[in-house]
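Colleague: Encoded as structure tokens, here's the structure I'll be asking about.
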Amino acid sequence: MPRKLAIGFGNLYRRDDGVGPFLINELRTLVGREPLADDEDGFDDLGHEVDTIVVHQLVPELATTMADYDLVAFLDAHITEIEEPVLVEELECQYRNATVGHQMHPCALLALVRDLYHKSPKGVLISVRGHDWDFGLGLSDQTAGYVPEAMAALSARMLGDESTETA
């Protein structure tokens, strides 16, 4: 079976910026594992067919972990003028500049895995439109309303349930 990794990134304490980590806990529940606490990142629970981690930012050191997987799903919030409330983007393995507020683009991490470890996991970015970036915990009602669509796209890729895929 192919190994799959979901990486939720964002700031839990900036409301909708925490949608990536929120989706990680929804996925963990779906696969029968306990949700991560706010101070846990999931690195000590790797080794499953579907693994999950939470990070504040994408950094080059993640390439070492990613090299062990066939598919990596990146989960984040978007603030751009993207019309879709949930954007699912198949990623190319190439060096790209990061978007506003991030240190690395997911495509650049895939390129690092290729160049450093000679492996080529597939990558997908699932980003959810955020509305509230103020300090605080929990998603806005609007962003929370997009979670079922995001989870359908995520579970289609992580669990192979193509009937729920929205992209």
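Colleague: Take residue 15 and decide whether it is touching a helix residue (DSSP H, G or I) at 6+ places or on another chain (Cβ under 9 Å), more than 17 Å from residue 106 (Cα to Cα), buried (at least 21 other Cβ atoms within 10 Å of the Cβ) and in contact (Cβ under 8 Å) with a residue 12 or more places away in the chain. Spell out the reasoning first.
Modeller: Values: touching a helix residue (DSSP H, G or I) at 6+ places or on another chain (Cβ under 9 Å): yes; more than 17 Å from residue 106 (Cα to Cα): yes; buried (at least 21 other Cβ atoms within 10 Å of the Cβ): yes; in contact (Cβ under 8 Å) with a residue 12 or more places away in the chain: yes.
So residue 15 fits the description; yes.
Colleague: What are the residues in the range 74-93 that are β-branched (Val, Ile, Thr) and either under 23 Å from residue 63 (Cβ atoms) or touching a Lys or Arg at 6+ places or on another chain (Cβ under 6 Å) (or both), if any? Steps first, please.
Modeller: In the first step, residues of the range 74-93 are kept if they are β-branched (Val, Ile, Thr); the result is 79-80, 82, 86, 88.
Selection gives 88 alone.
Colleague: Select from the range 47-64 the residues that are in contact (Cβ under 8 Å) with a residue 40 or more places away in the chain, within 23 Å of residue 104 (Cα to Cα), assigned to a loop (DSSP other than H, G, I, E, B) and over 14 Å from the mean Cα position of the chain (by Cα) and list them in ascending order.
Modeller: Residue satisfying the conditions is 60 alone.
Colleague: Also, I was wondering about something else. In the range 52-74, which residues are among the polar types (S, T, N, Q) and modelled with pLDDT under 95? Walk me through how you get there before you give the answer.
Modeller: Narrowing the range 52-74 to residues among the polar types (S, T, N, Q): 52, 57, 64-65.
Answer for the range 52-74, where residues must be among the polar types (S, T, N, Q) and modelled with pLDDT under 95: just 57.
Colleague: Same structure again: Please tell me if residue 71 is of a type in the set (A, V, I, L, M), under 16 Å from residue 124 (Cα atoms) and crowded, with 22+ Cβ neighbours inside 10 Å. Show your work before the answer.
Modeller: On the way: of a type in the set (A, V, I, L, M): yes; under 16 Å from residue 124 (Cα atoms): yes; crowded, with 22+ Cβ neighbours inside 10 Å: no.
Criteria not met by residue 71.
Colleague: Criterion first (in contact with an Asp or Glu (Cβ under 7 Å, 6 or more places away or on another chain) and of a type in the set (D, E, K, R)) does residue 16 satisfy it?
Modeller: On the way: in contact with an Asp or Glu (Cβ under 7 Å, 6 or more places away or on another chain): yes; of a type in the set (D, E, K, R): yes.
Yes, satisfied.
Colleague: In the range 36-66, what count of residues is obtained for those that are surrounded by fewer than 19 Cβ atoms within 10 Å (Cβ to Cβ) and under 16 Å from residue 155 (Cα atoms)?
Modeller: 2
The values are calculated or read from the model by the stated rules, or taken from the named source; none is laboratory data. The structure displayed is predicted, hence computed values, not measured ones. Every residue, glycine as well, gets a Cβ built from its backbone with ideal geometry; the counts of neighbours run over all protein chains shown.
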